[in-house]
Amino acid sequence: MRIVVTRALIVSAMLLAAAGASAFESKPGGFSVAFPGQPKVEDKATSRGAERWHTLVKDGHSYIVVYYVPAADVKALPLDQLMNAEEKGLRGDATIVRKRDFKLGAHPAREIESKTNDGFVFMTRIVVTPQRIFEILTATRASALSSQQKAFVTSFGIAAD
């Protein structure tokens, strides 16, 4: 399994390098990801608390990483209930094309590909760590996600805890 993961990371890195993407590291967020340009970083106050948004729109594709520190009541939720709530909030009324649960290192994660009736295609990952909840997503109005978009999502990594 480790060989497959390592191979996937190498392929993602090669695709991103070919597409002109570069590593972006958030020391406060404790993550890295390869954006295909410099993202805008913005703090937003929401109903679930303070969120930090990293956004970039390039060539008609959106690239987003959001994280927040969950409140005690959110941390107390069973993992499956938390993942389902995050998923529902992210996908809205989109139709799920593919969904899988997995581990990103030691952290539980869920990946969802979905489509909306008005022509958007999304790829989203939710990653839950003891300190933060991350949402990594890319969207396009094209008929399918580009290899660069898929590589962006799969390039996401958590810094050592």
When region 128-144 is checked residue by residue, the ones that are farther than 11 Å from VAL66 by Cα, crowded, with 18+ Cβ neighbours inside 10 Å, of a type outside the set (Gly, Ala, Ser) and touching a residue at least 60 places away in the same chain (Cβ under 8 Å) are THR129, THR138, THR140
Selection over region 83-95 where residues are more than 16 Å from the chain's Cα centre (by Cα) and either in contact (Cβ under 8 Å) with a residue 40 or more places away in the chain or surrounded by 11 or more Cβ atoms within 10 Å (Cβ to Cβ) (or both) yields a count of 1
- Message: Please determine whether any residue of region 140-154 is in contact with a Phe, Trp or Tyr (Cβ under 7 Å, 6 or more places away or on another chain), on the phi < 0 side of the Ramachandran plot and of a type outside the set (Ser, Thr, Tyr).
- Response: yes
Of those in region 96-127 that are under 21 Å from VAL57 (Cα atoms) and of a type in the set (A, V, I, L, M, F, W, C), the residue surrounded by the most Cβ atoms within 10 Å (Cβ to Cβ) is ILE126
Any residue that is crowded, with 18+ Cβ neighbours inside 10 Å, farther than 21 Å from PHE24 by Cα and of a type in the set (A, V, I, L, M) - is there at least one of those in region 49-62? no
Among SER22, SER32, SER26, the single one that is more than 12 Å from GLU135 (Cβ to Cβ) and modelled with pLDDT under 90 is SER22
Pairing a residue in region 59-82 that is without any contact (Cβ under 8 Å) to a residue 40 or more places away in the chain and more than 30 Å from SER146 (Cα to Cα) with any residue that is surrounded by fewer than 14 Cβ atoms within 10 Å (Cβ to Cβ) and small (Gly, Ala, Ser), where Cβ atoms lie under 8 Å and the two sit 6 or more apart in sequence or on different chains, gives ALA71/GLY49
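The values are calculated or read from the model by the stated rules, or taken from the named source; none is laboratory data. Bear in mind the structure is a predicted one, so any value in this text is a computation, not a measurement. Counting neighbours? That spans all protein chains shown, and the Cβs are built from the backbone with ideal geometry, glycine included.
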